[in-house]
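The values are calculated or read from the model by the stated rules, or taken from the named source; none is laboratory data. This one's a predicted model, so the numbers in the text were calculated from it and none came from an experiment. Note: ideal-geometry Cβ built from the backbone for every residue, glycine included; neighbour counts use all protein chains shown.
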Ligand code: C2G
């Protein structure tokens, strides 16, 4: 049984995440995903608060058929303990982490694999696109009242509550 370990925030789960998880699983028999807690994401990784809370992101990851186990990622330095505790043989990340001191030190303990990132999609791009879409709706007034929510037009009211 070859065990694979990967980490991420996996917020607004998208095609890039799914492709990463599918390829990670193909490198072994059992895939463990360390999902960043909300605190770790905002305080340690310095990214904006995830749209979906930790529990929701874990539920969504658990529903992905390539994923066998979801664990919390709460600290940068938990990876060696995770490798020992879950007997990981391989650690896989997207190529944006290649060469990072956050991972390179793991080479002495596991096979460390960086997979090409999926171009054209990211959580922050989704957020930007949706915002651009929302503000481009034909109201026009709200731009002047920066900070005030745009008046709810019939189109916006038709938008699903959860995107
Ligand atoms: N990813 C990808 N293609 C994209 C977007 C993301 O292959 N278009 C990969 C990333 O490289 C990462 C994984 O999907 O391996 C999860 O991405 P994020 O949720 O953005 O997580 P990240 O901020 O990279 O967190 O300790 C490590 C961190 O938790 C990694």
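A few points about this structure:
- Residues being free of Cβ contacts under 8 Å to residues at least 40 places away in the same chain, crowded, with 23+ Cβ neighbours inside 10 Å and either more than 10 Å from the ligand (Cβ to nearest atom) or not in a strand (DSSP E or B) (or both) - total across segment 12-33: 2
- Scope segment 47-61; condition surrounded by 14 or more Cβ atoms within 10 Å (Cβ to Cβ) and at pLDDT 95 or above; matching residues: 50, 51, 52, 54, 57, 58, 60, 61
- A Cβ distance below 8 Å, combined with a sequence gap of six or more or placement on separate chains, defines the contacts here; from segment 81-98, residues that are over 17 Å from residue 30 (Cβ atoms) reach residues that are within 9 Å of the ligand (Cβ to nearest atom) and part of a helix (DSSP H, G or I) in the pairs 94/16; 94/20.
- Residue check for residue 44: crowded, with 16+ Cβ neighbours inside 10 Å, touching a helix residue (DSSP H, G or I) at 6+ places or on another chain (Cβ under 9 Å) and more than 20 Å from residue 1 (Cα to Cα): no
- The listed residue being in contact with a helix residue (DSSP H, G or I) (Cβ under 9 Å, 6 or more places away or on another chain), within 21 Å of residue 120 (Cβ to Cβ) and modelled with pLDDT of 95 or more, out of 5, 12: 12
- Against the list (1) in contact (Cβ under 8 Å) with a residue 60 or more places away in the chain; (2) surrounded by 17 or more Cβ atoms within 10 Å (Cβ to Cβ); (3) not in a strand (DSSP E or B), the condition residue 7 fails is (3).
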